[in-house]
Amino acid sequence: MAESTRNKSYDGFTEEERAAMKERAQELKTSSKRPKAGKADGEADVLAKIAELPEPDRSMAERIHAIVKESAPALEPKTWYGMPAYARDGKVVAFFQGSGKFKTRYSTLGFNDPAKLDDGDMWPVAYALTELTAEVEARIAELVKRAAGSQA
């Protein structure tokens, strides 16, 4: 009996997923206590979260943060499930997920429903990142501008 129990896998949430959910609950709790969570509060939260990331995720997140601020200054930085994110009207448009977050082989730049990236009947909403070259950074800047509703 013990052998069959030991061989069964658990299909629930991973430790990393549970940690992300706890971080999101804490983010909601913190934001409800602030009078009106502004850009300055969100900026500080995002920079603190980026500082916690291990390399090479930290360097990548720092550069993406700078690209977002430059390309779409109207987007407000905030944390979302413990990740650096960027919102319009309180809704997350784009986010960075380091490879260490869920122990994946690459980091991700993702976009949510409010992103204005619609292109026909199907379009990508997440991009795997392994290195930030000049070409990749230019593509990120273009995507973020479009996602924010700015002219590309």
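The values are calculated or read from the model by the stated rules, or taken from the named source; none is laboratory data. Note that this is a predicted model, so its numbers are computed, not measured. Using ideal geometry, Cβ is built from the backbone for each residue, glycine included, and neighbour counts are taken over all protein chains shown.
Once the stretch 70-111 is narrowed to residues that are farther than 18 Å from residue 57 by Cα and either surrounded by fewer than 16 Cβ atoms within 10 Å (Cβ to Cβ) or among the β-branched types (Val, Ile, Thr) (or both), the residue that is modelled with the lowest pLDDT is 90. Summed over the stretch 17-39, residues that are in a helix (DSSP H, G or I) and either of a type in the set (A, V, I, L, M) or modelled with pLDDT of 70 or more (or both) total 15. Among the small types (Gly, Ala, Ser) and under 16 Å from the mean Cα position of the chain (by Cα), is that true of residue 134? Spelling it out, it is not the case that residue 134 is among the small types (Gly, Ala, Ser) and under 16 Å from the mean Cα position of the chain (by Cα).
Only one of the listed residues (52, 27, 43, 76) is over 23 Å from residue 148 (Cβ atoms), among the acidic types (Asp, Glu) and out of contact with any Leu (no Cβ under 8 Å at 6 or more places or on another chain). That residue is 52. Does residue 62 satisfy being among the acidic types (Asp, Glu) and over 19 Å from residue 16 (Cβ atoms)? Spelling it out, residue 62 is indeed among the acidic types (Asp, Glu) and over 19 Å from residue 16 (Cβ atoms). The set of residues in the stretch 54-65 being under 15 Å from residue 105 (Cα atoms) and crowded, with 19+ Cβ neighbours inside 10 Å consists of 57, 60.
When you check residue 44 against the structure, is it among the hydrophobic types (A, V, I, L, M, F, W, C), more than 21 Å from residue 104 (Cα to Cα) and modelled with pLDDT under 85, yes or no? Spelling it out, it is not the case that residue 44 is among the hydrophobic types (A, V, I, L, M, F, W, C), more than 21 Å from residue 104 (Cα to Cα) and modelled with pLDDT under 85. A single member of 131, 137 is surrounded by fewer than 12 Cβ atoms within 10 Å (Cβ to Cβ), farther than 22 Å from residue 26 by Cα and out of contact with any Phe, Trp or Tyr (no Cβ under 9 Å at 6 or more places or on another chain), and it is 131. Scanning the stretch 129-150 for residues that are touching a strand residue (DSSP E or B) at 6+ places or on another chain (Cβ under 9 Å), hydrophobic (A, V, I, L, M, F, W, C) and within 18 Å of residue 86 (Cα to Cα) gives 129, 140, 143, 144, 147, 148.
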